[in-house]
Every structure is written in C-alpha cells, then in structure tokens.
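For reference, the structure discussed in these notes is given below.
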Amino acid sequence: MRLVLLYIMAALYIFAGIMHFVKPDGYLAMIPPYLPAHKALVFGSGVVEIILGIGLLFPATRSWSSIGLILLLIVVFPANIYMATSSRFRKLPRWLVWGRLPLQGLLIWWAWQYV
C-alpha cells in the first residue's frame, strides 16, 4: 500500500505540474499581487512539481524529492492564504478555499512519509 500511495502522489504532482502549462490561468490567479513575475512563478513551480514528482519514482532521489515537495508546499502556502482571504475567489465555495489550508499540512505529512 505504501508503494501505491507513493505512485499516486508522484502522479498527482506530475499531473499538477503539467497543468501549470496546459491551464496556467487558474494558477496565475492564485499568486498574490505583491509577488513579481507571475508567469515565471507559475511555469517555474510547474517544472519543479514535474521534476520532484518524477524524482519520487526512483529510490535514489525519493528522499530528496520528498524534502523538495515539503519545501515547495511551504513556499506556495501564501498563495493558499491569498485564495482564502481574497474577494477575487468569492465565487468558489468557502469550504473549498479554506479547506486548502489544512490540506497543505496533510500533503506535507504525506511527503514526509518518504523522506
């Protein structure tokens, strides 16, 4: 089961990273306005997610990829706070935007299982 969950996590990050390029608008909207170079941040984080997701698949890089994902999740947390507090996202269900905050903790815990 541990290996299955690892492959699911890897697939989720690889898919999410690809979506940064396929549908960047949703990711662009989540970036707080005080940060510069929104497109570069979206595309850069997409590349990082893909690389780290692939890294989870190999025992030699799994631990480093897990640590990288934990750091990435911490770095993108302000975007989740922005989503939860910005009127820009009022059309989304409140439970969804606020639910993303504790979800980050769960994702960090999940990645920690493979450090």
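The values are calculated or read from the model by the stated rules, or taken from the named source; none is laboratory data. In this text the structure is predicted, and so the values were computed from the model without any measurement. Every residue, glycine among them, receives a Cβ derived from its backbone with ideal geometry; neighbour counts consider all protein chains shown.
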> Given the conditions (1) in contact (Cβ under 8 Å) with a residue 12 or more places away in the chain; (2) β-branched (Val, Ile, Thr); (3) exposed (fewer than 15 other Cβ atoms within 10 Å of the Cβ), which single one is not true for THR85?
Replying inline: (1)
>> Just checking, does the stretch 59-81 include any residue being farther than 22 Å from PRO36 by Cα and among the aromatic types (Phe, Trp, Tyr)?
In response: yes
>> List pairs: first residue in the stretch 39-65 and over 18 Å from PRO78 (Cβ atoms), second residue loosely packed, with under 13 Cβ neighbours inside 10 Å and of a type outside the set (Lys, Arg) anywhere in the structure, Cβ distance under 6 angstrom, at least six positions apart or on different chains.
In response: SER63/VAL115
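Test ILE108 against the stated conditions and say whether it is within 21 Å of VAL4 (Cα to Cα) and buried (at least 16 other Cβ atoms within 10 Å of the Cβ).
yes
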> Has the stretch 58-71 got any residue that is of a type outside the set (D, E, K, R) and farther than 30 Å from VAL4 by Cα?
Replying inline: no
> Pick from PRO33, PRO24: which is modelled with pLDDT under 95 and farther than 25 Å from THR61 by Cα?
Replying inline: PRO33
>> Show the residue pairs meeting these rules: Cβ distance below 6 Å; 6+ apart or different chains; first residue within the stretch 67-81 and without any contact (Cβ under 8 Å) to a residue 24 or more places away in the chain; second residue of a type outside the set (Gly, Ala, Ser) and in a helix (DSSP H, G or I).
In response: GLY68/LEU52
